[in-house]
Structure formats: structure tokens, C-alpha cells
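*Asks:* Take this structure, written in C-alpha cells, and hold onto it; I'll ask about it next.
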Amino acid sequence: MKKHAIGTGHAHAKAILIGDHAVVYNQPAVAIPLLDLQVTARFQPLEAGQTIILAGEAMELSDLGADLEGIRQLIVALLKDYQLTSTGFLLEVESIIPQERGFGASAALATAITRAFFDWQGKKVAKETLQTYTSLAENISHGSPSGIDAATVSSSEPVWFENKQIATFETSLNATLVLADTGVRGQTVRAVNIVKEQLKNHYNESWRAIEHLGELAFAVREALQENDPATLGQLFTSAHHDLQALQVSHPKLDQLVATAIKAGALGAKLTGSGIGGAMLALASNDNEAKRIAEALREAGARDCWIQPL
């Protein structure tokens with residue numbers, strides 16, 4: 001393949017339906033792609049300089065801040081691996097994925113950049129290679145992530161994640177998902193440490209919650225495949241109670257979960273690491289989803305998204 005003057009890469013957001021935190025402890029999880037929330041990256045050559053334009057701000061690669069260290073090291077690795085360390089380039093990134101809300105924004109960014117780099121160099125990127133580079137950035141950004149974000153932001157189908165093995169599956173659910181942003185910045189590292197502390201200080205109760213989340217994951221997959229939205233909604237609410245027991249919810253999350261259920265949702269839970277971030281609710285149809293979304297906005301949600309399942 002020939003090199004391209006401009007290399008383009010895309011990725012999308014994700015939402016964890018079940019398995020938040022439990023997946024770190026070898027429990028299964030289900031995640032879905034959010035195809036309407038996208039990030040696009042474009043590489044092109046420059047005579048001099050290695051410039052990144054992100055959120056409208058231009059920065060040199062060497063000047064990226066600590067919050068972008070994973071991305072900096074990803075780009076450095078790509079350049080080194082393909083003998084382009086001194087090559088000038090312009091990398092432009094456009095994203096509508098909310099940051100630090102549990103939607104996999106950092107994994108999507110790394111995936112889009114990797115795809116754009118390979119496209120720029122006229123090379124095909126294998127799935128395993130793509131996930132390796134994405135995981136490199138994620139390991140720096142989040143410590144020891146499970147890998148579910150990296151898998152889902154490049155998938156067009158729901159993902160079943162178990163024992164670090166990834167499989168996609170089809171759903172037949174006639175229902176609609178509503179996602180809402182609390183407006184509170186999520187705190188992944190803090191949330192992970194809270195679960196560790198809960199296991200240290202309240203092992204039996206905390207481990208029961210983690211194991212129960214694992215059991216719920218199998219039931220969630222079955223409900224998705226068997227078109228059983230009523231059961232799925234109940235499973236979501238049950239999972240939220242487990243996550244509350246692990247101390248990773250937040251008053252705003254609890255408020256929005258209660259609001260959604262009062263507005264007619266079949267069930268609701270936080271999604272992602274918690275301590276802020278986002279929640280999701282299951283609606284029986286699109287019209288119900290719109291009504292639930294409006295109730296969530298009235299209750300203080302910063303933004304809402306409606307996602308068919």
C-alpha cells in the first residue's frame with residue numbers, strides 16, 4: 001500500500017452495560033459501542049515540528065501535559081517502531097466524546113490515532129496490533145485497565161469480555177438505552193482504589209458484590225439475546241445496588257438512577273468507574289426514552305444521549 005498525504009482514523013465511545021469494576025477481578029462484562037459519539041484523527045506531514053491540535057489547541061508532541069502522557073508515549077512508540085522518530089507531522093483530532101464520563105474517551109482517542117497513523121503510512125493495521133497500541137496508551141493513563149475499553153471502541157457489535165478474552169455477539173433487544181452525564185468528572189483511579197480498600201476492610205460483603213456482578217453479566221447477555229427488556233432493566237438496577245455497596249456510586253448518580261426509574265425506566269445504573277461520570281437507563285421504546293431523557297435533564301443531567309440496542 002502507498003503512503004497517503006493525509007491518514008485518517010476513527011473510533012467511537014463505549015458504555016459498559018454490566019461488569020463495571022468487577023471485570024478487574026476476572027468477572028465477565030458486557031459493553032456496547034456508542035457509534036454516534038465519534039473521534040477522528042488525521043495525520044499529515046510537516047517540514048518541521050511534530051504538532052498536535054486537540055480541542056482546538058495546538059501543542060508540540062514534546063509539550064503534551066501529564067494528562068496526555070499516554071497519548072504522547074503512544075505517538076512516540078509508533079514513530080520509533082516505524083523509523084519515523086525525526087519526521088515532522090501534524091496530527092489533528094476532533095472528538096465529541098465526553099471526557100472522564102466512562103465512555104472510553106481515552107481508548108477511543110488512542111485507537112483513532114493509531115488507525116490514522118497506519119493509514120498515513122499506507123499500512124493495514126491488524127486488530128491485535130491496534131489493541132496493543134491502544135492498550136499501551138491506556139496502561140499509562142489508567143494504570144492496569146481491563147482491556148474492555150480498547151476492545152469496544154473499535155467494535156461495531158456488543159462485546160463479551162471474560163478472562164481477558166474478547167468475543168462479539170448479536171442482540172435482538174427491542175428497547176432503547178438512555179445515557180446521561182452527571183456533569184461530575186469521573187475519577188477512575190480513585191474509584192479503583194476505593195474498591196481495593198473495600199475489599200481490604202470489608203472483604204466478605206465487597207467480594208459478594210463483585211461475584212454477584214459477575215453472575216448478572218451472564219443474565220444480561222441472555223436478556224439481550226432473548227429480547228427480554230423487563231429482565232434486563234431489573235438486572236441493571238440490581239447491578240447499581242452492588243456498585244453502591246462497593247462505594248463507587250455518587251449522590252448525583254443515585255439521584256439520576258432514581259429519577260429514571262420514577263420516569264418509567266425498566267431499570268438504571270451507573271456506567272463506568274463511577275464517583276461521578278455517567279449513568280444509563282433502559283426504556284421500552286424510543287418515545288419512553290425521550291421522556292426519560294427529559295426527566296433526567298430536569299433533574300440536572302448535563303447532557304443525554306439515546307442509543308438503540
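*Asks:* Tell me which residues, restricted to the range 94-104, are buried (at least 19 other Cβ atoms within 10 Å of the Cβ) and farther than 14 Å from residue 302 by Cα.
*Replies:* 95, 102, 103, 104
*Asks:* Look through 231, 237 and report the one residue that is part of a helix (DSSP H, G or I) and in contact with a Lys or Arg (Cβ under 8 Å, 6 or more places away or on another chain).
*Replies:* 237
*Asks:* Taking residue 242, is it of a type in the set (Asp, Glu), surrounded by fewer than 18 Cβ atoms within 10 Å (Cβ to Cβ) and assigned to a helix (DSSP H, G or I)?
*Replies:* So residue 242 does not fit the description; no.
*Asks:* Also: In the range 245-269, what residues are free of Cβ contacts under 8 Å to residues at least 60 places away in the same chain and assigned to a helix (DSSP H, G or I)?
*Replies:* Listed by number, the residues that qualify are 245, 251, 254, 255, 257, 258, 259, 261, 262.
*Asks:* In the range 174-194, what count of residues is obtained for those that are of a type in the set (A, V, I, L, M), touching a strand residue (DSSP E or B) at 6+ places or on another chain (Cβ under 9 Å) and modelled with pLDDT under 90?
*Replies:* Residues meeting the conditions: 0.
*Asks:* Could you tell me which of the residues 64, 90, 79, 74 is in the same structural domain as residue 132 (by TED's automatic domain parsing), modelled with pLDDT under 95 and buried (at least 16 other Cβ atoms within 10 Å of the Cβ)?
*Replies:* Sole residue among the options that is in the same structural domain as residue 132 (by TED's automatic domain parsing), modelled with pLDDT under 95 and buried (at least 16 other Cβ atoms within 10 Å of the Cβ): 64.
*Asks:* So if I check each of 22, 29, 41, 11, which one is in contact with a strand residue (DSSP E or B) (Cβ under 6 Å, 6 or more places away or on another chain), under 16 Å from residue 271 (Cβ atoms) and not charged (D, E, K, R)?
*Replies:* 29
*Asks:* Inspect the range 34-44 for any residue being of a type outside the set (Lys, Arg), over 29 Å from residue 177 (Cβ atoms) and either in contact (Cβ under 8 Å) with a residue 12 or more places away in the chain or touching a Gly at 6+ places or on another chain (Cβ under 8 Å) (or both) and give the result as yes or no.
*Replies:* Yes, the range 34-44 contains at least one residue that is of a type outside the set (Lys, Arg), over 29 Å from residue 177 (Cβ atoms) and either in contact (Cβ under 8 Å) with a residue 12 or more places away in the chain or touching a Gly at 6+ places or on another chain (Cβ under 8 Å) (or both).
*Asks:* Another question about this same structure. Quick test of your reading of the structure: residue 223 fulfils all but one of (1) at pLDDT below 95; (2) in contact with a helix residue (DSSP H, G or I) (Cβ under 6 Å, 6 or more places away or on another chain). Name the failing condition by number.
*Replies:* The one condition residue 223 does not meet is (1).
*Asks:* Hey, another quick one. So is residue 153 assigned by TED's automatic domain parsing to the domain that holds residue 70, in contact with a strand residue (DSSP E or B) (Cβ under 7 Å, 6 or more places away or on another chain) and not acidic (Asp, Glu) or not?
*Replies:* Yes.
*Asks:* Residue 103: under 20 Å from residue 44 (Cα atoms) and either among the hydrophobic types (A, V, I, L, M, F, W, C) or modelled with pLDDT under 95 (or both), yes or no?
*Replies:* no
*Asks:* Could you tell me which residue of the range 196-225 is surrounded by the fewest Cβ atoms within 10 Å (Cβ to Cβ), considering only residues that are aliphatic (A, V, I, L, M) and within 17 Å of residue 244 (Cβ to Cβ)?
*Replies:* 199
The values are calculated or read from the model by the stated rules, or taken from the named source; none is laboratory data. This structure is a prediction, so every number in the text was calculated from the model and none was measured. Counting neighbours? That spans all protein chains shown, and the Cβs are built from the backbone with ideal geometry, glycine included.
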